[in-house]
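Taking it in order: structure first as structure tokens, then the write-up.
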Amino acid sequence: DISISVLFQDELMKPLFRAGIIALIISFFIGWLIARWITRPLEKISAAAGQIAGGDYVAVPIEGPEEVRQLAGSFNEMIGKVEDSLQSQRDFVANVSHEFKTPLTSIQGFAQAISDEAITGKKETKKAAGIILNETDRLNHLVNDLLLLARLDAGTMAIEKTDVDVSLIAENVLERLRFLIQNKKLKITKHLDKLVLNADGEKINQVITNLLDNAIKYSPEGSEIGLSVHQEENSGVIEVKDSGPGISKNDQKRIFERFFQVDKSRKGGLGRGVGLGLAIAKQIIIAHDGDIQVTSQTGAGSTFVVLLPIHGKTTTKNGRKNNTSG
Ligand code: ADP
């Protein structure tokens, strides 16, 4: 009996016990490896997230199990977006400051000159006052444009939709810009169909004004501008065509960006070109679930086409569903 129990203890239990211990150690080790495989990339993401608070945007390596890799991918994508957004915010502030600085310097200079009596005489003083008024006007327009954009961005700018006839709005804009058109001896070819849309008349007025103002501004003297309002399938269409310098393919991608100007040195038209007109037009059209496009070739004029939904349906010229994001 005793010998059997000793045999059982010595010959069977000991090796079994040993094997159990070894198995336990191995499984702990494997468990530790797996845990490390998961936690190490997570620690890296956590550390990178901590660095964001300090203004440091570092991407994390894509490693570990699939779910963690996905998390790291999303994290890197988020970092990229935050960086882009910060950069455009910085650019925006720099642009705004620059646009304010020029008129302010001029106002200050002329006011100082009047105050120091460096400018005397009725005629000279009147001229200086005229410049000050002009620059103030420019600042006023700039502030209004920026406020409008900010409200459109925040969605706090109420789009007050009523049934409006776009062709009447277009006539109205033409009438208001008549002097600019006459000054450059431009010929307006218009095709204005009655087009009743549920839209914010004042905002549509602003879009047509911005497009026509550009067409006038960039057209050579004596050339022709086409203005058309009509319906195509489910879209109301506003088309402004000029025979100006045109816009290169590369610039076409950027002209709807805030403050983008192909040629910063060229000013004219209503005398308030800062590169916000098309950005505003685009925001207004997006708020109407519409679309705005440009077709142009360098040296061969430009055509801007606005598409607005009729009966709440949004379609593009080719009948495709719209994509107005961005
Ligand atoms: P701006 O106040 O400078 O006209 P916009 O936002 O209206 O600003 O236009 C942005 C830029 O797009 C302009 O500076 C100009 O370079 C280009 N652009 C706009 N419309 C036209 C056009 N009809 N012909 C040629 N270039 C144009």
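The values are calculated or read from the model by the stated rules, or taken from the named source; none is laboratory data. Worth saying up front: this structure is predicted, and the values here are computed from it rather than measured. Note that we place each Cβ from the backbone using ideal geometry, even for glycine, and neighbour counts take in every protein chain shown.
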- Query: Looking at ILE62, ILE38, ILE30, ILE21, which one is at pLDDT 90 or above and in contact with a Lys or Arg (Cβ under 6 Å, 6 or more places away or on another chain)?
  - Reply: ILE62
- Query: Of everything in the range 269-300 that's farther than 23 Å from ALA150 by Cα and near the ligand (Cβ under 9 Å from one of its atoms), which residue is modelled with the lowest pLDDT?
  - Reply: GLY269
- Task: Please determine, by comparing only the residues of the range 281-308 that are under 30 Å from GLU160 (Cα atoms) and in contact with a Pro (Cβ under 7 Å, 6 or more places away or on another chain), which one is surrounded by the fewest Cβ atoms within 10 Å (Cβ to Cβ).
- Result: ASP289
- Exactly one condition in (1) surrounded by 13 or more Cβ atoms within 10 Å (Cβ to Cβ); (2) in a helix (DSSP H, G or I); (3) in contact (Cβ under 8 Å) with a residue 12 or more places away in the chain; (4) not polar (S, T, N, Q) is not met by VAL82; state its number. (1)
- Residue that is at pLDDT 95 or above and either in a helix (DSSP H, G or I) or under 26 Å from THR136 (Cβ atoms) (or both), where the choices are GLN51, GLN108: GLN108
- Item | Among (1) surrounded by 20 or more Cβ atoms within 10 Å (Cβ to Cβ); (2) in contact with an Asp or Glu (Cβ under 7 Å, 6 or more places away or on another chain), the one test that VAL262 misses | (1)
- So which residues in the range 198-234 are polar (S, T, N, Q), closer than 19 Å to ILE159 by Cα and more than 13 Å from the ligand (Cβ to nearest atom), if there are any at all? ASN198, ASN205
- Residues located in the range 205-248, provided they are touching a residue at least 60 places away in the same chain (Cβ under 8 Å), of a type in the set (Asp, Glu) and either assigned to a strand (DSSP E or B) or crowded, with 22+ Cβ neighbours inside 10 Å (or both): GLU232, GLU239, ASP242
- Note on the structure: Restricted to the range 36-50 and to residues being among the hydrophobic types (A, V, I, L, M, F, W, C) and farther than 12 Å from VAL68 by Cβ, the residue surrounded by the most Cβ atoms within 10 Å (Cβ to Cβ) is ALA48
- Query: Quick one: would you say ASP242 is at pLDDT 95 or above, within 9 Å of the ligand (Cβ to nearest atom) and over 24 Å from the mean Cα position of the chain (by Cα)?
  - Reply: yes
- State whether the residues of the range 149-165 include one that is surrounded by 13 or more Cβ atoms within 10 Å (Cβ to Cβ), within 27 Å of PRO309 (Cα to Cα), β-branched (Val, Ile, Thr) and more than 26 Å from the chain's Cα centre (by Cα). yes
- Would you pick out the residues in the range 173-191 that are assigned to a helix (DSSP H, G or I) and touching a residue at least 24 places away in the same chain (Cβ under 8 Å)? VAL173, LEU174, ARG176, LEU180, ILE181
- From the options GLU221, GLU202, residue that is closer than 27 Å to THR102 by Cβ and out of contact with any helix residue (DSSP H, G or I) (no Cβ under 6 Å at 6 or more places or on another chain): GLU221
